Structure formats: C-alpha cells, structure tokens
1. Could you report the stretch 1-40's accessible area per residue, 1.4 Å probe, as an integer in Å²?
2. Which loop trypsin sites (Lys or Arg not before Pro) in the chain, with loop taken from DSSP, have no more than 11 other Cβ atoms within 10 angstrom of their Cβ?
3. Quick one: angle between helix 12-23 and the longest Cα principal axis of the chain, in degrees between 0 and 90, rounded to 10, please.
4. Along the principal axes of its C-alpha atoms, what lengths does the chain span, in descending order and rounded to whole Å?
5. Over the stretch 22-67, what percent of the accessible surface lies on carbon and sulfur atoms, probe 1.4 Å?
6. Taking loop as defined by DSSP and a crowding limit of 14 other beta carbons within 10 Å, which chymotrypsin sites (Phe, Trp or Tyr not before Pro) in the stretch 1-55 fit?
Amino acid sequence: MNRSLTIEVIDQNAVILLEGMEHLKLIKVFRDVPKQVDWVKKYKGAMSRQPVEEIERQLDELRNDWE
C-alpha cells in the first residue's frame, strides 16, 4: 500500500522524526520542492475567443440541460 502525502513541517523536530522513520524504512522522504503549475501557460489558447453573448447563451443552455 503506497500513498503519497504532502506535508508542511512546522517544527525542526518533525524533520528529525521523519528522518528517523526513513532510516527505519517506514517512509521515503522526497526533499524536492514540488513545481508550481503555471495554469495560464497550461490552458492558454484552450478556448477560442467568443462574444460575451455567445458564452452566456452556452451557459444558459448548460443550465437548462441540468434542470
């Protein structure tokens, strides 16, 4: 059973405890800082430009489908 967790260390003593658990082969500590996703770059251009009226019409259509 492998699970990944993200934690924020608040106290240096926690790091010592984590390192101890790693030494006992209970956990694996990854010290790399996760990359922040650049959402603008990732999704820029994913939607074509549309007039506001068209977007509102599409939203109304979606809302009506839910009802």
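The values are calculated or read from the model by the stated rules, or taken from the named source; none is laboratory data. Owing to the predicted nature of the structure, the values given are computational and were not obtained by experimental measurement. Backbone-built Cβ (ideal geometry, glycine too); neighbour counts: all protein chains shown. Surface areas here come from the heavy atoms of the whole protein model, side chains and all, with no ligands, DNA or RNA. Shrake-Rupley method; radii C 1.70, N 1.55, O 1.52, S 1.80 Å.
1. Details: 4490 Å² over 40 residues.
Accessible area per residue, the stretch 1-40: 112 Å².
2. Working: sites: R3, K25, K28, R31, K35, K41, K42, K44, R49, R57, R63; in loops: R3, K25, K28, R31, K35, K44, R49.
Passing both the DSSP loop test and the Cβ count: R3, K25, K28, R31, K35, K44, R49.
3. Result, in degrees: 80.
4. Sorted from largest, the Cα extents of the chain read 61, 30, 23 Å.
5. Within the stretch 22-67, the accessible surface is 57 percent carbon and sulfur.
6. Filter output for the stretch 1-55: F30.
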